[in-house]
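Take a look at the structure below.
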Amino acid sequence: MTEPRPRIFIHTNERQWLGALVSRHSMLRNSAHADRFDVEFLKTEDHPFLRARDGQLYLREGDRVPWRYENLQSFTPLRFLPPERMGYQGRAIVVDPDVFAVGDVWELLSRDTEGKAIWCRPRSGSKGLEGGMASSVMLLDCAKLTHWRCEEQFAELFTFQRDYMDWICLKYEPKQTLGRFEDEWNDFDRLTPRTKMIHNTKRQTQPWKTGLPVDFTPASKKLKPLNPATWLRPLRRRRAPERYLPHPDPAQERFFFGLLRECVESGVVSEALLRDEMRQDHIRHDAFEVLERTPPLPQRAAA
């Protein structure tokens, strides 16, 4: 059987659909080898098992909490679907819809995996200190992930056999199967000359949502007396803003809107879609004004 072409999967829901479209554009426009891989969306609406659990209790950090299908990040279980979609063959990258390529993603798709099944980076904050890995960007050797069964393992959250946070942090994976790539392949709200893919992971400052009412509920996190990194959590929750804040780095706003400008000019994103996204509060209401003042991005990668 012929091995499938390498593929990038962007998992998303309708609230992050615009981000997913811009993400796909960034992957293709910044690769000199865009003809050698495919890009596929994994949308929550195409996977009814996610909606079917709405309101049911699942296990998260040892607590039983309700699953909310309409949550801003309800797409996260789909991170574990790509190997199945690839027929458990070949290579894939899976990314969140708020991850945008700055460099050439082919460098990651074609790198030596050294026999490991998954390449990613550690999480930040207390989760990283506890050994959690960031599954928001992963390079996958699908033939080594035949134990991934997304729908089955999602169901185990609701029988309390599997903990969501341990799953998302890859703690069920044997450590010897995990490789660590450079942080620049999943740069958390940091844009430098070394950045390969930028991840606007801080939801309250995502640059396309500035000024909109906050439409997510911060995850309930346990205070751990022996871990100082958790001591300020109650204070942070009290200070949570009611509206999305400007991103502290104007360059990141310019980068996103530079990509969006190209999407509009090429027809990837229509004016009608953009206005509809604004009507639903999925993108800031001054988006057209921001687009007008955003300079074109530097020339894209040459083939």
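Distance between Cα centroids, the stretch 110-145 to the stretch 1-77: provide it in whole Å.
Here the two parts' Cα centres lie 17 Å apart.
Going highest first, how would you order 79-86, 134-141, 62-69, 33-40 by mean Cβ packing within 10 Å? It would help to have the intermediate numbers written out before the result.
On the way: 79-86: 21.4, 134-141: 23.2, 62-69: 13.8, 33-40: 15.4.
The densest-packed peptide leads the list: 134-141, 79-86, 33-40, 62-69.
Going 7 Å from the Cα of Val65 along its beta-carbon direction, which residues of the stretch 171-193 have the amide nitrogen within less than 18 Å of the resulting point?
So the set is 171.
Mind counting lysine pairs for me in the chain? Cα separation below 20 Å, and the two need to be 8 or more apart along the chain or on different chains.
Here the count comes out as 16.
Find which of Gly125, Ala34, Phe154 sits farthest along the positive direction of the dipole of the chain, computed with +1 on the beta-carbon of Lys and Arg, -1 on that of Asp and Glu, about the Cα centre.
Farthest towards the positive end: Gly125.
Taking only DSSP H segments of four or more residues, each worth -39500 (n - 2.57), what value at 222 nm results for the chain once the sum is divided by all its residues, to the nearest 500 deg cm²/dmol?
Calculated at 222 nm, the ellipticity per residue is -7000 deg cm²/dmol.
Residue by residue through the stretch 33-40, which ³J(HN,Hα) values in whole Hz follow from phi under the Karplus form 6.51 cos²θ - 1.76 cosθ + 1.60 (θ = phi - 60°), with glycine and proline marked x?
The phi angles translate into 10, 5, 7, 10, 9, 10, 10, 10 Hz.
Work out the charge dipole of the chain with +1 on the Cβ of Lys and Arg and -1 on the Cβ of Asp and Glu about the Cα centre, then indicate which of His25, Ala287, Ser135 is farthest towards its positive end.
Final value for the positive-end residue is Ser135.
Please list the non-local residues whose amide H lies under 5 Å from the amide H of Val102, H modeled 1.01 Å from N, same-chain partners needing a gap of 5 or more.
Close amide H contacts, sequence-distant or interchain: Met197, Ile198.
Taking the Cα centre of the stretch 1-66 as the origin, how large is its charge dipole in debye, to the nearest 20, when only Lys and Arg (+1) and Asp and Glu (-1) carry charge on their Cβ atoms?
The dipole magnitude comes to about 100 debye.
Between Phe158 and Asp35, what length in nm is gained on full extension when 0.36 nm per residue of separation is reduced by their alpha carbon distance?
Contour length minus the Cα-Cα distance gives 40.2 nm.
Taking a ≥ b ≥ c as the square roots of the Cα gyration tensor eigenvalues, with a/c under 1.5 meaning rounded and otherwise prolate when a/b beats b/c, else oblate, which class fits the stretch 65-115?
Cα axes put the stretch 65-115 in the oblate bin.
Throughout, read-outs are computed from the coordinates displayed, never taken from laboratory work. All figures in this text were calculated on a predicted structure; none of them were measured in a lab. So basically every Cβ, Gly included, is an ideal-geometry build from the backbone, and we count neighbours across all protein chains shown.
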